[in-house]
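Here is the structure we will look at.
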Amino acid sequence: MGRKLVEHAFKLRGELDLEVFAENQSAYRFYQKLGFVEISRRAEDDSGLPFENIRMRLA
């Protein structure tokens, strides 16, 4: 299901960005398998809490 959603969104947009919690390695690997690449990291979430997030892009 997740793969089909990403494929559909990519067809509509042509480029996709997302953020994944750095400790969620299964999600990180899933997105890598779909072709997403890491473009940056940040040490805090939007609320300023210390949760490292990885920004990924599919282009």
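Sorted on the mean count of surrounding Cβ atoms within 10 Å across their residues, most packed first, peptides 9-15, 53-59 read 53-59, 9-15. Summed over qualifying helices (DSSP H, 4 residues or more, each -39500 (n - 2.57)) and divided by its residue number, the chain shows a 222 nm mean residue ellipticity of -10500 deg cm²/dmol. For A22, nonlocal amide neighbours, meaning residues 5 or more places apart or on other chains whose placed amide H falls under 5 Å from its own, are E52, N53, I54. Each Lys and Arg adds +1 at its Cβ and each Asp and Glu adds -1 at its Cβ; summed about the Cα centre, the chain shows a dipole of about 420 debye.
Defining a contact as two alpha carbons under 8 Å apart and six or more residues distant in sequence, what relative contact order in percent does the chain show?
Details: 75 pairs, mean separation 23.5, N = 59.
Relative contact order for the chain comes out at 40 percent.
With Cα extents along the principal axes in Å as the read-out, I listed [x] 81, 20, 19; [y] 48, 23, 11; [z] 34, 21, 17; which label goes with the value calculated from this structure? Here the calculated entry is [z].
No lab work stands behind these numbers, since they all come straight from the coordinates. Keep in mind that this is a model prediction, so the values were computed, not measured. As a convention, Cβ positions derive from the backbone with ideal geometry for all residues, glycine included, and neighbour counts pool all protein chains shown.
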